[in-house]
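Remarks on the structure that follows.
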Amino acid sequence: MEQLEQFREEVRAWLEENCPKSMCSPMTGDEDACWGGRKFSYQSDEQKLWLERMAQKGWTVPEWPKEYGGGGLSRAESKILQQEMSRLGCRAPLTSLGVIMLAPALFKFASEAQKLEHLPKIASGEIRWCQGYSEPGAGSDLASLQTSALDKGDHYLVNGSKIWTSYGDMADWIFCLVRTDPKAPKRDGISFLLFDMTTEGVSTAPIQLLSGASPFCQTFFDAVKVPRENLVGELNRGWTVAKYLLQHERNMAASLGRSGSGKKKPIEQVALETLGEKDGEIADPVLRQKLARFHIREQAFTLTMQRVGDEMKAGADPGPASSLLKYYGSETNKERHELNLLIRGMDSLGWEGEVFDEGRVARSWLRSKANSIEGGTSEIQLNIIAKRVLGLPSSS
Ligand SMILES: Cc1cc2nc3c(=O)[nH]c(=O)nc-3n(C[C@H](O)[C@H](O)[C@H](O)COP(=O)(O)OP(=O)(O)OC[C@H]3O[C@@H](n4cnc5c(N)ncnc54)[C@H](O)[C@@H]3O)c2cc1C
């Protein structure tokens, strides 16, 4: 106990000395996130410095072993680090699909050489990853994917196309599902490959979202040579890796938009500032009631996510219950944006110009609609919950 208290003091002193001022102010939106990678334009020198300092301590991934770029902290120590970061309002030093999605799969399925090669570069933010799962003909029915990888001895020859590849044009490497046995039943002929986006034959074409942003691409592979050692897990057993990774992706998606220190402003505070206060309460009684209901649901969900997070850190696999969290989390985030619009009124629909903050509110409201599509649609999560969590009979 004493040791932990001493650790807390050390962490507090280190953070106070090393977290740059602008990195302990609330994020104003998704564009404040630090993604790292070779192509990333840092918002400021302080953002870069914060990432470098935290990565040097291994605190971008505090509980990973030190040999993989982590901090080697115990769960209790890591919690203290989180608490002290929250206390000071520190921003997350790194937002990374590598950390949240790929790394858990590498820890479970990759060879030691693959772990040593890739995990430290994920932890330091040196390499940014994208996900090559969906294809023009394979979204909800992902196992129908057709991108092929032919065995050429020392390499696989990859041909095909992926779609909705988030930040494909900004990523350095891709983790990709490919068909290695076209004759096998569809889930049995898939493998999980890693490759460099600068490999000859890889190209990307950005696609624009309804919000006006262009966060994803169609990604093309034209005779891409992928070294044999970049296969993760067994040949033709990639579906197992893919599903495991998806469970982690869904847990991440579930936590979208939850407020907290260093993150977005709590919606109740937005309401107080916009609608004013009457007798110490939000002035509009109807909205106050809606917000109270939302707040209770959000708090219950936050606690559930914390419990699941602790269980996962203790070694539990997320399992199909991650669909429950994904469903609830994305629907909750959509509701938060609906409430935000109700609070701010017609002005929030402004699309361009300084007075409307370049349409920040409207654009993020539209962006939130994609939450119940990305990482698997809400309908698909409900199917999984019905079948795998509740054990209801399937119609097919
Ligand atoms: C913002 C965003 C980012 C994304 N990023 C990535 C990424 O980085 N990498 C990647 O690989 N993919 C990514 N995706 C793709 C995403 O995983 C797919 O869009 C999603 O799985 C749905 O597939 P689809 O678009 O082909 O829709 P479809 O599968 O064609 O579904 C269309 C509609 O039919 C419904 N439906 C389909 N099958 C069933 C069923 N069996 N029961 C009930 N309803 C059903 C769906 O719920 C949906 O409403 C992203 C998507 C979005 C929106």
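FYI, it's all coordinate maths here, none of it is from the lab. Predicted model, so just to flag it, every value in this text is computed and none were measured. Glycine gets a Cβ as well: all are built from the backbone with ideal geometry, and neighbour counts include every protein chain shown.
Things worth noting here:
- Taken over the chain, the convex hull of the Cα atoms encloses 164 Å³ per residue.
- The range 311-396: Cα Rg divided by the 2.2 N^0.38 Å rule of thumb: 1.47
- Summed side-chain charge close to P182 - residues other than P182 whose Cβ falls under 15 Å, Lys, Arg +1, Asp, Glu -1: 0
- Highest-first packing order for the peptide set 286-299, 234-247, 91-104 is 91-104, 234-247, 286-299, based on the mean count of other beta carbon atoms within 10 Å.
- Helix 321-344 and the longest principal axis of the C-alpha atoms of the chain enclose an angle of approximately 40°.
- Backbone N within the range 171-212 under 17 Å of label point (7 Å from N159 Cα along the Cβ vector): 178-183, 200-203
- Bins of 10 Å from zero: percent of alpha-carbon pairs in the range 155-258: 14, 40, 36, 10, 0
- Kirkwood's formula applied to the C-alpha pairs of the range 15-96 gives a hydrodynamic radius of 13.1 angstrom.
- With contacts taken as Cα pairs under 8 Å at a separation of at least 6 residues, the chain carries a relative contact order of 13 percent.
- Sites D45 and L4 - FRET efficiency at Förster radius 30 Å, r taken between beta-carbons, to 0.05: 0.35
- Semi-axis lengths, Å, the range 59-163, gyration tensor of Cα atoms, sqrt of 5 times eigenvalues: 34, 18, 11
- Between the residues S41, L73, C90, the greatest Cα displacement towards the positive end of the dipole of the range 1-120, with unit charges on the Cβ of Lys, Arg, Asp and Glu, is found for S41.
- On the basis of the beta-carbon distance and an R0 of 22 Å, K66 and E234 show a calculated FRET efficiency of 0.15.
- At R0 = 30 Å, FRET efficiency that the Cβ-Cβ distance of E338 and E277 yields, to 0.05: 0.85
- The chain - mean residue ellipticity at 222 nm from DSSP helices (-39,500 (n - 2.57) per run, n ≥ 4, rounded to 500): -13000 deg cm²/dmol
- Above-threshold pairs, the threshold being 26 Å between Cα atoms, out of K57/K369; K121/K326; K121/K186; K186/K387: K57/K369; K121/K326; K121/K186
- Gap separating the Cα centres of the range 287-302 and the range 304-371, nearest whole Å: 14 Å
- Rounded tilt (10° steps) of 112-123 against the dominant C-alpha axis of the chain: 30 degrees
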